[in-house]
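The values are calculated or read from the model by the stated rules, or taken from the named source; none is laboratory data. Just so it is clear, the structure is predicted and the values come from calculations on it, not from any experiment. Backbone-built Cβ (ideal geometry, glycine too); neighbour counts: all protein chains shown. What goes into the accessible areas is simple: the full protein's heavy atoms, side chains included, and nothing from ligands, DNA or RNA. Shrake-Rupley method; radii C 1.70, N 1.55, O 1.52, S 1.80 Å.
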Amino acid sequence: MQPEHLLDPVSALIVVGGTCLATVLRCGLGDCVTALGAVGALFHRPFDPERARADLAVQVQEIRQDGVIRSRPARTGDAEFDEATEMLIGSRSLGALQLAHCAHKRSRVERSQRAVRTFIQAGDLAPVFGLAGTLVALNQLPPLDRPGGDFSVAISMAVLTTLYGLLLGNLFFTPLGRVVARRAADEERDRQAVIDWIEAQVADALPRAEPHLRGVAEARP
């Protein structure tokens with residue numbers, strides 16, 4: 001096997017360039033930028049629920065000791081938990097905590113779904129452009145009545161474009177979408193666990209006369 005025979009810039013341009021262009025046209029530039037941002041996030045440390053609990057421990061302990069009325073919001077650097085605890089202290093209700101969490105969750109889920117949808121579209125389009133490259137290559141075959149025609153270049157391009165399309169779709173774009181989806185699902189699970197932990201820790205420090213708000217706190221998206 002000779003690896004250099006698997007490299008063809010023209011074939012790669014047809015498949016990769018065509019797939020990317022068609023994905024932008026089909027999904028829109030905004031979704032493509034969101035997908036690229038999701039890929040960039042994969043290279044950063046995932047959400048750590050233990051670290052989040054440690055960052056929130058001082059705030060939670062203050063609420064448990066002094067009560068929610070005398071507590072002051074503390075910043076952890078996580079926008080969701082900062083907003084959620086601020087609303088918890090300001091409204092003195094678990095319902096407000098859940099409302100803040102749900103708002104951030106909806107935003108994150110929407111972004112991850114847009115990214116996954118974009119990668120799935122790209123994964124579906126890549127084999128199509130592999131076939132398109134094959135048709136272009138077959139069109140370059142010399143006529144049968146021309147003596148000395150070189151069929152090898154056109155046949156090689158036809159095979160490579162098909163190969164590039166299959167590899168790009170099934171070994172890159174589609175698996176990448178699945179990775180983004182798994183990372184998003186893991187983060188939502190871990191964030192919900194932290195929210196549940198906060199609720200369990202501060203429930204006794206909240207005013208008791210709020211049955212209508214506690215009904216909101218039990219709601220889940």
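Miscellaneous remarks
- In the range 160-183, the residues that are under 18 Å from ALA38 (Cβ atoms), open to solvent by less than 80 Å² (accessible area, probe 1.4 Å) and aromatic (Phe, Trp, Tyr): PHE173
- Among the residues of the range 79-117, the one identified as closer than 17 Å to GLN192 by Cβ, surrounded by fewer than 16 Cβ atoms within 10 Å (Cβ to Cβ) and polar (S, T, N, Q) is SER107.
- Only one of the numbered conditions (1) among the small types (Gly, Ala, Ser); (2) without any contact (Cβ under 8 Å) to a residue 60 or more places away in the chain; (3) under 17 Å from TRP197 (Cα atoms) is not met by SER71, and that is (3).
- Of the helices (runs of 4 or more DSSP H) lying entirely inside the range 11-119, those containing at least 3 residues that are closer than 30 Å to GLY130 by Cα are 18-27, 29-41.
- Residue count for the range 19-62 satisfying the condition of being closer than 23 Å to GLU80 by Cβ, of a type in the set (Lys, Arg) and surrounded by 12 or more Cβ atoms within 10 Å (Cβ to Cβ): 2.
- Contact annotation: residue pairs with Cβ atoms under 7 Å, 6 or more positions apart or on different chains, pairing a residue in the range 174-187 that is within 19 Å of GLY123 (Cα to Cα) with a partner that is open to solvent by less than 40 Å² (accessible area, probe 1.4 Å) and of a type in the set (S, T, N, Q), are VAL180/SER112; ALA181/SER112.
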